[in-house]
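Structure first, commentary second.
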(Lines give C-alpha, C1' and ligand atoms only; values in the text may rest on other atoms or scores of the structure.)
Protein backbone atom coordinates (compact mmCIF):
# COMPACT_ATOMS: atom_id res chain seq x y z
CA UNK A 1 0.00 0.00 0.00
CA UNK A 2 2.79 2.37 0.93
CA UNK A 3 4.60 1.71 -2.34
CA UNK A 4 1.35 2.34 -4.26
CA UNK A 5 0.88 5.71 -2.55
CA UNK A 6 4.51 6.63 -3.23
CA UNK A 7 4.21 5.57 -6.86
CA UNK A 8 1.02 7.59 -7.29
CA UNK A 9 2.68 10.67 -5.75
CA UNK A 10 5.68 10.30 -8.05
CA UNK A 11 3.41 9.92 -11.07
CA UNK A 12 1.49 13.03 -10.07
CA UNK A 13 4.73 15.00 -9.66
CA UNK A 14 5.96 13.83 -13.08
CA UNK A 15 2.70 14.92 -14.72
CA UNK A 16 2.89 18.32 -13.05
CA UNK A 17 6.47 18.75 -14.25
CA UNK A 18 5.60 17.82 -17.83
CA UNK A 19 2.68 20.26 -17.86
CA UNK A 20 4.91 23.02 -16.48
CA UNK A 21 7.53 22.31 -19.15
CA UNK A 22 4.71 22.50 -21.71
CA UNK A 23 3.78 25.95 -20.43
CA UNK A 24 7.34 27.09 -21.09
CA UNK A 25 7.86 25.30 -24.42
CA UNK A 26 8.57 27.48 -27.45
CA UNK A 27 8.01 26.76 -31.15
CA UNK A 28 11.79 26.83 -31.62
CA UNK A 29 12.63 24.37 -28.82
CA UNK A 30 9.52 22.26 -29.18
CA UNK A 31 8.29 19.86 -26.52
CA UNK A 32 10.54 16.92 -25.60
CA UNK A 33 9.18 13.47 -26.42
CA UNK A 34 9.27 12.36 -22.76
CA UNK A 35 6.92 15.16 -21.71
CA UNK A 36 4.72 14.76 -24.76
CA UNK A 37 4.35 11.02 -24.06
CA UNK A 38 3.76 11.46 -20.33
CA UNK A 39 0.87 13.85 -20.94
CA UNK A 40 -0.63 11.91 -23.85
CA UNK A 41 -0.45 8.59 -21.98
CA UNK A 42 -1.93 9.86 -18.72
CA UNK A 43 -5.47 8.73 -17.94
CA UNK A 44 -8.36 11.13 -17.48
CA UNK A 45 -8.31 10.93 -13.67
CA UNK A 46 -4.61 11.84 -13.54
CA UNK A 47 -5.05 14.77 -15.91
CA UNK A 48 -8.14 16.06 -14.10
CA UNK A 49 -6.24 15.86 -10.82
CA UNK A 50 -3.40 17.83 -12.40
CA UNK A 51 -5.82 20.48 -13.69
CA UNK A 52 -7.35 20.75 -10.22
CA UNK A 53 -3.86 21.45 -8.87
CA UNK A 54 -3.12 24.05 -11.55
CA UNK A 55 -6.49 25.83 -11.49
CA UNK A 56 -5.55 28.25 -8.64
CA UNK A 57 -2.41 29.13 -10.59
CA UNK A 58 -4.38 30.65 -13.50
CA UNK A 59 -2.41 28.81 -16.19
CA UNK A 60 -5.17 26.70 -17.81
CA UNK A 61 -5.71 29.12 -20.76
CA UNK A 62 -2.02 29.12 -21.63
CA UNK A 63 -1.85 25.36 -21.15
CA UNK A 64 -4.70 24.89 -23.64
CA UNK A 65 -2.86 27.03 -26.17
CA UNK A 66 0.47 25.25 -25.63
CA UNK A 67 -0.95 21.73 -25.82
CA UNK A 68 -2.70 22.64 -29.06
CA UNK A 69 0.41 24.34 -30.47
CA UNK A 70 2.54 21.26 -29.79
CA UNK A 71 -0.01 18.76 -31.11
CA UNK A 72 -0.93 17.11 -27.80
CA UNK A 73 -4.38 18.50 -27.03
CA UNK A 74 -6.24 16.36 -29.57
CA UNK A 75 -4.89 13.15 -28.00
CA UNK A 76 -6.29 13.94 -24.54
CA UNK A 77 -9.64 12.71 -23.18
CA UNK A 78 -12.61 14.78 -24.38
CA UNK A 79 -13.45 15.96 -20.85
CA UNK A 80 -9.92 17.30 -20.37
CA UNK A 81 -9.97 19.07 -23.74
CA UNK A 82 -13.33 20.62 -22.95
CA UNK A 83 -12.16 21.89 -19.58
CA UNK A 84 -9.03 23.48 -21.03
CA UNK A 85 -10.80 25.08 -23.97
CA UNK A 86 -13.52 26.42 -21.70
CA UNK A 87 -10.87 28.14 -19.57
CA UNK A 88 -9.31 29.72 -22.65
CA UNK A 89 -12.67 30.87 -24.03
CA UNK A 90 -13.62 32.46 -20.69
CA UNK A 91 -10.30 34.28 -20.58
CA UNK A 92 -10.76 35.47 -24.16
CA UNK A 93 -14.18 36.91 -23.33
CA UNK A 94 -13.05 38.64 -20.14
CA UNK A 95 -9.84 39.96 -21.66
CA UNK A 96 -11.59 41.38 -24.70
CA UNK A 97 -13.92 43.40 -22.48
CA UNK A 98 -10.99 44.69 -20.43
CA UNK A 99 -8.94 45.48 -23.53
CA UNK A 100 -11.72 47.41 -25.23
CA UNK A 101 -12.28 49.41 -22.05
CA UNK A 102 -8.57 50.08 -21.61
CA UNK A 103 -8.20 51.10 -25.24
CA UNK A 104 -11.07 53.58 -24.88
CA UNK A 105 -9.33 55.20 -21.93
CA UNK A 106 -5.95 55.30 -23.68
CA UNK A 107 -7.39 56.82 -26.84
CA UNK A 108 -8.48 59.82 -24.76
CA UNK A 109 -4.84 60.91 -24.45
CA UNK A 110 -5.68 64.56 -25.14
CA UNK A 111 -7.81 64.59 -22.01
CA UNK A 112 -5.03 62.93 -20.02
CA UNK A 113 -2.26 65.22 -21.38
CA UNK A 114 0.17 62.29 -21.02
CA UNK A 115 -0.74 58.63 -21.47
CA UNK A 116 -0.78 56.53 -18.28
CA UNK A 117 1.51 53.62 -17.55
CA UNK A 118 0.21 50.07 -17.94
CA UNK A 119 0.88 47.60 -15.14
CA UNK A 120 1.02 43.80 -15.37
CA UNK A 121 -2.00 42.15 -17.00
CA UNK A 122 -2.95 44.43 -19.91
CA UNK A 123 0.59 44.86 -21.18
CA UNK A 124 1.63 41.24 -20.59
CA UNK A 125 -1.44 39.82 -22.33
CA UNK A 126 -1.03 42.20 -25.23
CA UNK A 127 2.70 42.19 -25.87
CA UNK A 128 4.34 39.23 -24.13
CA UNK A 129 2.04 36.18 -24.08
CA UNK A 130 1.40 34.30 -27.35
CA UNK A 131 -2.32 35.13 -27.56
CA UNK A 132 -4.75 37.54 -25.93
CA UNK A 133 -6.60 34.57 -24.43
CA UNK A 134 -3.56 33.03 -22.72
CA UNK A 135 -2.90 35.50 -19.90
CA UNK A 136 -5.88 35.93 -17.51
CA UNK A 137 -6.63 39.44 -16.26
CA UNK A 138 -8.88 40.48 -13.42
CA UNK A 139 -8.78 44.24 -13.79
CA UNK A 140 -7.17 47.24 -15.48
CA UNK A 141 -4.16 48.79 -13.75
CA UNK A 142 -3.10 52.29 -14.84
CA UNK A 143 -0.56 54.58 -13.22
CA UNK A 144 -1.12 58.24 -13.98
CA UNK A 145 1.81 60.23 -15.33
CA UNK A 146 3.07 62.85 -12.84
CA UNK A 147 0.46 65.57 -12.36
CA UNK A 148 -2.19 63.67 -14.37
CA UNK A 149 -4.04 61.69 -11.71
CA UNK A 150 -6.98 64.07 -11.44
CA UNK A 151 -7.38 63.99 -15.21
CA UNK A 152 -7.33 60.18 -15.16
CA UNK A 153 -9.89 60.06 -12.36
CA UNK A 154 -12.12 62.55 -14.16
CA UNK A 155 -11.92 60.56 -17.37
CA UNK A 156 -12.86 57.37 -15.54
CA UNK A 157 -15.97 59.04 -14.12
CA UNK A 158 -16.93 60.47 -17.50
CA UNK A 159 -16.80 56.92 -18.93
CA UNK A 160 -19.25 55.54 -16.37
CA UNK A 161 -16.83 54.38 -13.69
CA UNK A 162 -17.54 54.99 -10.01
CA UNK A 163 -15.65 54.19 -6.84
CA UNK A 164 -16.02 50.54 -5.95
CA UNK A 165 -17.80 50.45 -2.56
CA UNK A 166 -16.29 47.01 -1.82
CA UNK A 167 -12.69 48.10 -2.34
CA UNK A 168 -10.32 49.22 0.37
CA UNK A 169 -8.40 52.06 -1.26
CA UNK A 170 -4.80 52.71 -0.31
CA UNK A 171 -3.07 56.09 -0.13
CA UNK A 172 -1.73 55.73 -3.67
CA UNK A 173 -4.66 54.27 -5.63
CA UNK A 174 -8.43 54.30 -6.10
CA UNK A 175 -10.45 51.33 -7.33
CA UNK A 176 -13.28 52.08 -9.75
CA UNK A 177 -15.87 49.81 -11.32
CA UNK A 178 -18.66 50.18 -13.85
CA UNK A 179 -22.02 48.56 -14.54
CA UNK A 180 -20.37 45.86 -16.67
CA UNK A 181 -18.25 44.74 -13.72
CA UNK A 182 -14.94 46.05 -15.07
CA UNK A 183 -12.54 46.89 -12.25
CA UNK A 184 -10.19 49.80 -12.91
CA UNK A 185 -7.37 50.56 -10.46
CA UNK A 186 -6.08 54.10 -10.93
CA UNK A 187 -2.70 54.63 -9.26
CA UNK A 188 -1.21 57.99 -8.33
CA UNK A 189 2.22 56.37 -8.37
CA UNK A 190 3.88 52.99 -8.01
CA UNK A 191 4.27 52.68 -4.28
CA UNK A 192 7.26 50.34 -4.50
CA UNK A 193 9.19 52.86 -6.61
CA UNK A 194 8.58 56.04 -4.63
CA UNK A 195 11.78 58.05 -4.79
CA UNK A 196 12.68 57.01 -8.34
CA UNK A 197 11.94 59.44 -11.16
CA UNK A 198 9.22 58.71 -13.72
CA UNK A 199 11.66 59.10 -16.61
CA UNK A 200 14.09 56.60 -15.04
CA UNK A 201 11.33 53.98 -14.71
CA UNK A 202 9.19 54.28 -17.81
CA UNK A 203 9.11 54.77 -21.56
CA UNK A 204 6.53 54.94 -24.37
CA UNK A 205 4.93 51.86 -25.89
CA UNK A 206 2.18 50.97 -28.34
CA UNK A 207 -0.23 48.08 -27.86
CA UNK A 208 0.31 45.32 -30.41
CA UNK A 209 -3.27 44.11 -30.68
CA UNK A 210 -4.78 47.60 -30.74
CA UNK A 211 -2.75 49.54 -33.27
CA UNK A 212 -2.33 53.22 -32.63
CA UNK A 213 -3.09 52.96 -28.91
CA UNK A 214 -0.19 54.55 -27.05
CA UNK A 215 0.73 54.21 -23.40
CA UNK A 216 3.70 54.10 -21.06
CA UNK A 217 5.41 50.97 -19.85
CA UNK A 218 8.02 50.20 -17.23
CA UNK A 219 11.53 49.83 -18.58
CA UNK A 220 12.80 46.21 -18.48
CA UNK A 221 14.73 46.45 -15.19
CA UNK A 222 11.81 48.18 -13.47
CA UNK A 223 9.32 45.72 -14.95
CA UNK A 224 11.26 42.75 -13.62
CA UNK A 225 11.70 44.37 -10.21
CA UNK A 226 7.98 45.18 -10.03
CA UNK A 227 7.01 41.59 -10.85
CA UNK A 228 9.38 40.34 -8.14
CA UNK A 229 8.01 42.79 -5.57
CA UNK A 230 4.41 41.93 -6.48
CA UNK A 231 5.11 38.20 -6.12
CA UNK A 232 6.97 38.61 -2.85
CA UNK A 233 4.36 40.98 -1.42
CA UNK A 234 1.41 38.65 -2.02
CA UNK A 235 3.18 35.42 -1.10
CA UNK A 236 2.42 35.60 2.68
CA UNK A 237 -1.32 35.71 1.90
CA UNK A 238 -1.78 33.24 -0.95
CA UNK A 239 1.57 31.54 -1.54
CA UNK A 240 3.23 31.46 -4.94
CA UNK A 241 1.28 31.43 -8.19
CA UNK A 242 2.67 29.84 -11.36
CA UNK A 243 1.25 32.69 -13.45
CA UNK A 244 3.66 35.06 -11.71
CA UNK A 245 6.59 32.83 -12.61
CA UNK A 246 5.43 32.72 -16.21
CA UNK A 247 5.14 36.52 -16.28
CA UNK A 248 8.81 36.68 -15.35
CA UNK A 249 9.68 34.05 -17.97
CA UNK A 250 7.99 35.99 -20.79
CA UNK A 251 9.57 39.29 -19.74
CA UNK A 252 13.00 37.65 -19.65
CA UNK A 253 12.47 36.17 -23.11
CA UNK A 254 11.95 39.65 -24.49
CA UNK A 255 14.47 41.62 -22.45
CA UNK A 256 17.11 39.23 -21.05
CA UNK A 257 20.00 40.84 -22.89
CA UNK A 258 19.01 44.29 -21.60
CA UNK A 259 18.50 43.34 -17.95
CA UNK A 260 20.98 44.77 -15.46
CA UNK A 261 20.64 42.73 -12.26
CA UNK A 262 22.41 45.37 -10.19
CA UNK A 263 19.77 47.87 -11.29
CA UNK A 264 16.97 45.37 -10.61
CA UNK A 265 18.34 44.79 -7.13
CA UNK A 266 18.51 48.54 -6.46
CA UNK A 267 14.91 48.96 -7.62
CA UNK A 268 13.70 46.08 -5.44
CA UNK A 269 15.12 47.62 -2.26
CA UNK A 270 14.15 44.30 -0.68
CA UNK A 271 16.53 41.36 -0.34
CA UNK A 272 13.62 38.94 0.03
CA UNK A 273 12.04 39.97 -3.28
CA UNK A 274 15.37 39.94 -5.09
CA UNK A 275 16.28 36.50 -3.70
CA UNK A 276 12.88 35.14 -4.73
CA UNK A 277 13.45 36.51 -8.24
CA UNK A 278 16.80 34.70 -8.53
CA UNK A 279 15.24 31.48 -7.22
CA UNK A 280 12.44 31.84 -9.79
CA UNK A 281 14.97 32.33 -12.59
CA UNK A 282 16.80 29.19 -11.45
CA UNK A 283 13.54 27.21 -11.47
CA UNK A 284 12.74 28.42 -14.99
CA UNK A 285 16.18 27.40 -16.19
CA UNK A 286 15.75 23.95 -14.69
CA UNK A 287 12.63 23.55 -16.82
CA UNK A 288 14.10 24.55 -20.16
CA UNK A 289 14.51 28.33 -20.19
CA UNK A 290 17.78 29.44 -21.78
CA UNK A 291 19.17 32.71 -20.41
CA UNK A 292 22.39 34.68 -20.94
CA UNK A 293 25.30 34.12 -18.59
CA UNK A 294 24.91 37.42 -16.74
CA UNK A 295 21.50 36.20 -15.51
CA UNK A 296 22.17 32.47 -15.32
CA UNK A 297 25.26 32.64 -13.13
CA UNK A 298 23.72 34.64 -10.22
CA UNK A 299 20.58 32.49 -10.40
CA UNK A 300 22.59 29.28 -10.12
CA UNK A 301 24.03 30.56 -6.84
CA UNK A 302 20.56 31.10 -5.35
CA UNK A 303 18.81 28.51 -3.21
CA UNK A 304 16.75 26.11 -5.35
CA UNK A 305 13.03 26.73 -5.75
CA UNK A 306 11.17 23.60 -6.78
CA UNK A 307 7.91 23.21 -8.66
CA UNK A 308 6.68 20.99 -5.81
CA UNK A 309 7.29 23.75 -3.25
CA UNK A 310 5.42 26.31 -5.40
CA UNK A 311 2.40 24.01 -5.63
CA UNK A 312 2.68 23.19 -1.93
CA UNK A 313 2.75 26.83 -0.84
CA UNK A 314 -0.31 27.60 -2.95
CA UNK A 315 -2.18 24.76 -1.21
CA UNK A 316 -0.88 25.55 2.24
CA UNK A 317 -0.75 29.33 2.68
CA UNK A 318 -4.33 30.48 1.88
CA UNK A 319 -5.69 28.47 4.80
CA UNK A 320 -3.60 30.53 7.20
CA UNK A 321 -1.32 27.58 7.84
CA UNK A 322 0.76 26.82 9.80
CA UNK A 323 -1.01 29.14 12.23
CA UNK A 324 -3.69 28.03 14.69
CA UNK A 325 -6.47 29.60 12.62
CA UNK A 326 -5.35 27.65 9.57
CA UNK A 327 -5.23 24.38 11.51
CA UNK A 328 -8.74 25.05 12.84
CA UNK A 329 -10.00 25.67 9.30
CA UNK A 330 -8.52 22.42 8.00
CA UNK A 331 -10.02 20.45 10.89
CA UNK A 332 -13.45 22.04 10.40
CA UNK A 333 -13.23 21.32 6.68
CA UNK A 334 -12.28 17.66 7.14
CA UNK A 335 -14.98 17.13 9.76
CA UNK A 336 -17.50 18.68 7.33
CA UNK A 337 -18.30 21.40 9.84
CA UNK A 338 -17.50 24.13 7.31
CA UNK A 339 -16.65 23.90 3.63
CA UNK A 340 -13.82 26.05 2.25
CA UNK A 341 -14.47 25.63 -1.45
CA UNK A 342 -12.06 28.36 -2.49
CA UNK A 343 -9.06 26.60 -0.93
CA UNK A 344 -7.19 23.55 -2.19
CA UNK A 345 -7.05 20.86 0.48
CA UNK A 346 -3.46 20.47 1.71
CA UNK A 347 -1.71 17.13 1.36
CA UNK A 348 -0.48 15.30 4.46
CA UNK A 349 3.08 15.74 3.20
CA UNK A 350 2.62 19.53 3.11
CA UNK A 351 2.63 19.64 6.91
CA UNK A 352 5.95 17.79 6.96
CA UNK A 353 7.68 19.74 4.20
CA UNK A 354 6.55 23.32 4.85
CA UNK A 355 9.35 23.95 7.40
CA UNK A 356 11.88 23.40 4.58
CA UNK A 357 10.09 25.99 2.45
CA UNK A 358 10.01 28.41 5.38
CA UNK A 359 13.70 27.90 6.11
CA UNK A 360 14.67 28.49 2.47
CA UNK A 361 12.52 31.62 2.40
CA UNK A 362 14.24 32.94 5.51
CA UNK A 363 17.79 32.04 4.51
CA UNK A 364 17.76 33.04 0.83
CA UNK A 365 17.69 36.83 1.46
CA UNK A 366 20.72 36.47 3.72
CA UNK A 367 22.67 34.80 0.93
CA UNK A 368 22.05 37.54 -1.65
CA UNK A 369 23.61 40.07 0.72
CA UNK A 370 26.93 38.32 0.31
CA UNK A 371 28.90 39.95 -2.56
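The values are calculated or read from the model by the stated rules, or taken from the named source; none is laboratory data. Keep in mind that what you see is a predicted model, and the values were worked out from it rather than measured. We place every Cβ from the backbone using ideal geometry, glycine too, and count neighbours over all the protein chains shown.
Among the residues of segment 251-260, what is the count of those that are in a helix (DSSP H, G or I) and surrounded by fewer than 20 Cβ atoms within 10 Å (Cβ to Cβ)?
6
Go over the candidates 324, 341 one by one and state the one that is over 22 Å from the mean Cα position of the chain (by Cα) and either without any contact (Cβ under 8 Å) to a residue 12 or more places away in the chain or crowded, with 21+ Cβ neighbours inside 10 Å (or both).
Just one listed residue meets the conditions, 324.
All but one of (1) assigned to a helix (DSSP H, G or I); (2) loosely packed, with under 11 Cβ neighbours inside 10 Å hold for residue 313, so report the exception by its number.
Residue 313 satisfies all of (1) assigned to a helix (DSSP H, G or I); (2) loosely packed, with under 11 Cβ neighbours inside 10 Å except (2).
Out of 85, 96, I need the residue that is at pLDDT 90 or above and closer than 28 Å to residue 42 by Cα. Which one?
Going through 85, 96 in turn, just one is at pLDDT 90 or above and closer than 28 Å to residue 42 by Cα: 85.
Tell me which residues, restricted to segment 302-358, are on the phi > 0 side of the Ramachandran plot and touching a helix residue (DSSP H, G or I) at 6+ places or on another chain (Cβ under 9 Å).
320
Looking at segment 121-160, which of the residues that are free of Cβ contacts under 8 Å to residues at least 24 places away in the same chain and within 28 Å of residue 91 (Cβ to Cβ) is surrounded by the most Cβ atoms within 10 Å (Cβ to Cβ)?
121
Can you name every residue in segment 269-294 that is closer than 23 Å to residue 30 by Cα, under 20 Å from the mean Cα position of the chain (by Cα) and assigned to a helix (DSSP H, G or I)?
280, 281, 282, 283, 284, 285, 286
For segment 201-237, give me the residue count where each residue is in contact (Cβ under 8 Å) with a residue 12 or more places away in the chain and part of a helix (DSSP H, G or I).
18
On the basis of being in contact with a strand residue (DSSP E or B) (Cβ under 8 Å, 6 or more places away or on another chain) and either under 26 Å from residue 234 (Cα atoms) or surrounded by fewer than 19 Cβ atoms within 10 Å (Cβ to Cβ) (or both), does residue 174 make the cut?
When the stated conditions are applied, residue 174 passes them.
Looking at (1) within 18 Å of the chain's Cα centre (by Cα); (2) over 24 Å from residue 255 (Cα atoms), can you tell me which one residue 111 breaks?
For residue 111, the failing item is (1).
Here are 87, 103, 156: which of them is assigned to a helix (DSSP H, G or I) and either in contact with a helix residue (DSSP H, G or I) (Cβ under 7 Å, 6 or more places away or on another chain) or closer than 16 Å to residue 243 by Cα (or both)?
So the residue among 87, 103, 156 that is assigned to a helix (DSSP H, G or I) and either in contact with a helix residue (DSSP H, G or I) (Cβ under 7 Å, 6 or more places away or on another chain) or closer than 16 Å to residue 243 by Cα (or both) is 87.
Condition first: touching a residue at least 60 places away in the same chain (Cβ under 8 Å) and within 18 Å of the chain's Cα centre (by Cα). Now tell me which residues in segment 295-308 satisfy that.
Selection gives 307, 308.
Identify, by number, the condition in (1) touching a residue at least 60 places away in the same chain (Cβ under 8 Å); (2) buried (at least 17 other Cβ atoms within 10 Å of the Cβ) that residue 47 doesn't meet.
All conditions pass for residue 47, except number (1).
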